[in-house]
Every structure is written in structure tokens, then in C-alpha cells.
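In what follows, a structure is listed as C-alpha cells, so that the remarks can point back to it.
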Amino acid sequence: MNEDTRSRHPEQPPAGDPRPAVWGDPAPLGLAGFALTTLLLSIINTNLLKESAAIIPVLGLAAFYGGLAQFAAGLMEFRRGNTFGATAFVSFAAFWLSYWWIAPRLALVGDSHNALGLFLLGWAIFTAYMTVAALRVSLAVLVVLALLTLTFLLLAIGAFQTGAEPHVMTQVGGWFGIATGLAAWYASAATVINETHARTVLPVGPRRPHRRATKGPPEMARLGGSGATSAAPRSGRRGPAAAGRGPIPRPRSRTRSRPPTAPQPALNRRSRCPRARARSRRSSAEIRPGQSSS
């Protein structure tokens, strides 16, 4: 009967874990999925592999490794606050998923080389402006996206000029695709190896932008103040009421402003006047005989 039946406050949050949540870098996963899928498809585009069923492994990689795995890496980049990585990985994951859906149906329809060329040209434009953004990411990612832009462009031209055999521009685009896959593999391997060894084993050439230094003291930088505002107290002005008045004069020294004692100014004033000095001599002469008689 003495048990406390009062329930705890339902809105009281539980005690949080003081250790911050650590998120791994998803970039190596996304780069690896993109690299292997691109490499295998590019070998087919170069016409080095002429098997009729060679597209089947590419479709499997496009659905799961280049598609779903890269899509998951992009979502993790969103959670980490990396806009560039999230946009790149989710977009190229969508490309591979769309390729997985489109490629088997191309044989079932009629002539669609112009539509396929427009599809590849659109991805070339997207990759081109992502390459501009990669100028401030790393040299390895910049090389990957620059080669991928040329690959999409050459494949688009080859799709517009299609024929019985793969066009020569498609084959050249396949060789650029092989270089793109190898560069993406290097970027993925460098990120994993450098992180596990806690030092730079394979350089990637980071090109992060330097933040612009904020003028003024730190407290003004936190509040958004500028350098001109923080420099105002140094010029002698005190607050906005002193605008246009000029600098305030310096205060007098403390020795001049110290008030003298009460008897001291009266003696000083009498000592300065000749009549006062004469009166003080007569009064002292009258007092001295009386003091001696007593």
C-alpha cells in the first residue's frame, strides 16, 4: 500500500547518450557500384565482348549494385549534409535503374535511336554541371565526372548515328567509359584505404574551398556584425547618439578633479591677499602677550 503509484511525466525525454552518432562515409560504396557497372557496360560498347547474352550481367549490376546500393549511398549523403554527394549518387542510381528497365525493351520496339540519343544527351548535360561543382570537391571526383561527361556525349552522338553494328562514336565512348570506371574505382579505393590507415596512402587531391574570414572580433562575427561596426568604439565614439559629434575629449586627470579639504582653501585665499596677511600678524601679536602672562 505504500507503493508510489504516480506515473512519470509522459513527455519527459529519456537520458541521451553523451556519445555522438558516428556515420560512415558512403562515398566509397557509391563510387564502387558506379565503377563496376560502368566498366562492364563500356566493355560491351567497345564491341570487345560480342556475346549476345553479355547484357544480362550488366542488367543485374544496374539493378542492385549500380542502382540500389548507390541509391542507399546517396540517401546517407543527404543525412550527412553533403548536397553534392547526395545529388550525384541518387541521380546516377536512378540512371542505372532506368537503364535496367529500358535496355530489355529496346529489342521489343521499333527504331528508337533518336530517343535514346536524347536520353544520353540529357545525362551528358547533367554530368557537365556536376563537373563544374566537382572543381571544389576533389581531383579524383573531378576526373571521374569529366570523363563521364565525354562518355555520355560520345554515346549520344553514336546513338543518333546508329546502324547495324555499333557506331564508331559508340565504340570511342566505350573506351572513355572504361577510363571513367577505372577512375571511379581509384577514387573509391583511395577513400577506403586512406580512412582505414588513418593517413594518405592514395592521394585524391582535395579541393575544398577556404571559408572567407569574417572581419571584426569573434562575438561580432557570431552576431553578423561587420568590420566597420566593430571598429566604431576605437574611434572615440560612444553609441549611436555620438554620431556626427566628433571624438569625445579625454577626461582630466584625477589629481586635478580631487576636491580639497574645507580649511585648506580658506587659508590659501587669505595667504594670497596682503591685507589678510597683515591681519593674521596683528592677531598673532595680540595673542602672544596673553599667552605669556598666563
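A compact table of results
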| quantity | calculated |
| --- | --- |
| Spin-label pair Val132/Thr200, simplified geometry with 7 Å Cα→Cβ offset, distance in nm | 2.8 nm |
| Added length on full extension, which subtracts the Cα-Cα distance from 0.36 nm per residue, Val168 to Leu49 | 41.3 nm |
| Label-point separation in nm, Leu139 to Ile193, each point 7 Å along Cα→Cβ | 1.6 nm |
| Inter-probe distance in nm under a simple model that places probes 7 Å from Cα toward Cβ, at Ala107 and Val22 | 4.9 nm |
| Cβ-Cβ FRET estimate between Ser98 and Ile56, R0 fixed at 22 Å, reported to 0.05 | 0.80 |
| Kirkwood-based shape ratio for the stretch 42-123, expressed as Rg/Rh from alpha carbons | 1.05 |
| Efficiency of FRET from Cβ geometry, Phe84 and Gln161, R₀ 30 Å, rounded to 0.05 | 0.35 |
| Long-range HN-HN contacts of Ser138 with modeled amide H, under 5 Å | Arg207 |
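Values in this text are rule-based calculations from the coordinates and carry no lab data. The shown structure was predicted, so the numbers you read here are calculated from the model rather than taken from an experiment. Quick reminder, even Gly has a Cβ in these numbers, built from the backbone with ideal geometry, and neighbours come from all protein chains shown.
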